[in-house]
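Please read the structure below before turning to the comments.
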């Protein structure tokens with residue numbers, strides 16, 4: 001397509017004064033008149049500038065695409081790191097929760113063990129107290145029975161023995177006093193251990 005003389009002149013004037021040239025696919029459509037060397041030279045410069053501008057745009061586009069690829073790659077790496085960090089935080093929370101749970105179970109186990117130990121100690125004390133009371137009662141009964149039998153034997157034999165009478169009377173008083181003392185002491189210990197717990 002050929003341009004009019006007026007258009008040709010404007011294009012040349014703009015190129016000289018403003019350094020602005022025609023670019024793009026429009027250049028492929030313009031055909032200069034034969035022998036118009038000035039316009040032919042103008043179109044040649046336009047095509048060179050257009051080619052240079054296209055190369056620069058292509059280079060910028062490639063550079064932007066490369067940067068976009070790198071940014072996408074970095075974003076994927078960041079996402080992977082964030083996911084790993086999130087998983088690590090979750091694992092840390094789970095580990096802390098497990099540690100708290102184990103600590104609570106250990107505290108409960110310790111409390112249970114202390115309760116069991118205290119119960120066993122009380123049971124042992126009660127068993128010991130029961131044995132002491134039983135033995136003390138048997139000793140008291142045995143001594144009382146033996147003394148009574150001796151006293152009865154002397155009475156049956158018809159021999160009065162004032163020493164044996166006073167001994168029997170004193171022995172019964174001592175045995176009764178001691179038995180009440182033992183029982184009172186045992187009850188006091190039992191009461192004191194119950195009050196401590």
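For the reader, a short list of remarks on this structure follows.
- Rg over Rh [alpha-carbon atoms, Kirkwood Rh] for region 76-123: 1.50
- Taking every alpha-carbon pair under 8 Å whose residues sit at least 6 apart, region 52-197 reaches a relative contact order of 22 percent.
- Relative contact order (percent, whole number), region 115-196, Cα cutoff 8 Å, 6+ residue spacing: 39
- Degrees, to the nearest 10: 162-196 long Cα axis against longest axis of the chain: 10
- Separation between Cα centres of region 54-74 and region 1-53, rounded to whole Å: 31
- Helix 5-18 axis, angle to the chain major axis (alpha carbon atoms, nearest 10°): 50
- Viscosity 0.890 mPa s, temperature 25 °C, Stokes-Einstein D of region 115-196 from Kirkwood C-alpha radius, µm²/s: 164
- Under conditions of 20 °C and 1.002 mPa s, the chain yields 72 µm² s⁻¹ as its translational diffusion coefficient, taking Rh as the Kirkwood radius over Cα pairs in the Stokes-Einstein equation.
We did not get these values from a lab; they are worked out from the coordinates using the rules stated. The shown structure was predicted, so the numbers you read here are calculated from the model rather than taken from an experiment.
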